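The values are calculated or read from the model by the stated rules, or taken from the named source; none is laboratory data. All values reported here derive from a predicted model rather than from experimental measurement. Here Cβ is always computed from backbone atoms with ideal geometry, including for glycine, and neighbour counts include all displayed protein chains. Each accessible area value is taken on the protein alone, full model and side chains, heavy atoms only, with ligands, DNA and RNA left out. Shrake-Rupley method; radii C 1.70, N 1.55, O 1.52, S 1.80 Å.
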Amino acid sequence: MSRVLPFVCPPAYPFARQWIEALQVAMPDEKIMVFEELDAEQRASCDVAIVANPPVQSLRELPHLKWVHSVWAGVERLVADLADLDLKIVRLVDPKMAETMAEAVLAWTLYLHRDMPRYARQQASRQWLEHEYLSAEEKTVSLLGLGAMGAASAANLRAAGFQVCGWSRTPKSIEGVQCYSGEQGLQQMLARTDILVCLVPLTPQTKHIVNAKLLGALPRGASIINFARGPVVDDLALKQALDAGHLSHAVLDVFNQEPLPADEWHWVHPRVTVLPHISGPTNRRTASALAAANIHRYRTEGSLPPTVDRAKGY
């Protein structure tokens, strides 16, 4: 008899059925159901749930829930929402997502490297004007965050010929990458950076890590890509650095409020490229397979995969 495994997401989430189908294919011995379809007996039987930005009240209505498996890599909202519940949280660690993110990092780094924003502005004003080309070897791309996504991104950037640096909270070593850690290391890295790519998880320690001091430590004319979370960047400090011309451009895929409201300054700023949170989408097939493997081990061995350290936030 199939066991009930709930998929808990906001009621209006448009891809719930696609997730149900992908999870069911990966877990034929489980009966995957959206939370709203569970009866009282089924809710009482659930000890694990698959979640995608779940309404916390829904999880409170699963009285015997022990842990949740997120289908997202970022879990800062989940950690905050479940602060008063004694639940283990497993976040998605998917090599396919790291690969997809690394592709986006390279694509938008090349966009900045080849001065695409400037040429787009010239087209709008019908200007035919060539600018000096600098090779990739003459540019330094720095990664703020050296987790799985940072390491994959570093490999792509190195293959494209860029000089690559990276910063992490604790010391790391990646072949061909100049790695830094700590406050002094961060300042050293920033001083040589042409393009800064934000990939850190959002935690209390990384909120507004990209502030006026950090931006001021970048050389004039540097650019920034934020593929992390909106609150990693101090929005006012970013606007001031762009307005002053200290930063040449910002590629932003994440924001404090999403969707980005139509009246926000980012939409019309000539030095900003707005993306609708598309840099590292979850692959439903591979994510479902990973979740299936983790849940199978739990069902057969009673063991959980690595869980989120709530103090660290990831």
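At a glance:
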{"read-out": "Some residue of segment 253-271 being within 28 Å of L106 (Cα to Cα) and touching a Phe, Trp or Tyr at 6+ places or on another chain (Cβ under 6 Å)", "value": "yes"}
{"read-out": "Residue in segment 213-227 that is of a type in the set (G, A, S), under 16 Å from the mean Cα position of the chain (by Cα) and at pLDDT 95 or above present", "value": "no"}
{"read-out": "Residue list for segment 88-106, filter: touching a strand residue (DSSP E or B) at 6+ places or on another chain (Cβ under 8 Å), modelled with pLDDT of 95 or more and open to solvent by less than 40 Å² (accessible area, probe 1.4 Å)", "value": "I89, V90, V105"}
{"read-out": "A12, sole failed condition from (1) open to solvent by 40 Å² or more (accessible area, probe 1.4 Å); (2) in contact (Cβ under 8 Å) with a residue 40 or more places away in the chain", "value": "(2)"}
{"read-out": "In segment 227-263, residue surrounded by the most Cβ atoms within 10 Å (Cβ to Cβ) [restricted to those that are over 27 Å from E103 (Cβ atoms) and acidic (D, E)]", "value": "D234"}
{"read-out": "V68 modelled with pLDDT of 95 or more, β-branched (V, I, T) and surrounded by fewer than 19 Cβ atoms within 10 Å (Cβ to Cβ)", "value": "no"}
{"read-out": "Unmet requirement for V141, which otherwise passes all of (1) β-branched (V, I, T); (2) free of Cβ contacts under 8 Å to residues at least 60 places away in the same chain; (3) not in a strand (DSSP E or B)", "value": "(3)"}
{"read-out": "Residue within segment 71-87 that is open to solvent by 20 Å² or more (accessible area, probe 1.4 Å), over 14 Å from the mean Cα position of the chain (by Cα), modelled with pLDDT of 95 or more and of a type outside the set (S, T, Y) present", "value": "no"}
{"read-out": "A136 over 21 Å from the mean Cα position of the chain (by Cα) and either touching a residue at least 40 places away in the same chain (Cβ under 8 Å) or open to solvent by less than 40 Å² (accessible area, probe 1.4 Å) (or both)", "value": "yes"}
{"read-out": "Residue selected from segment 161-210 under the condition in contact (Cβ under 8 Å) with a residue 12 or more places away in the chain, part of a helix (DSSP H, G or I) and out of contact with any Leu (no Cβ under 7 Å at 6 or more places or on another chain), by the criterion surrounded by the most Cβ atoms within 10 Å (Cβ to Cβ)", "value": "M189"}
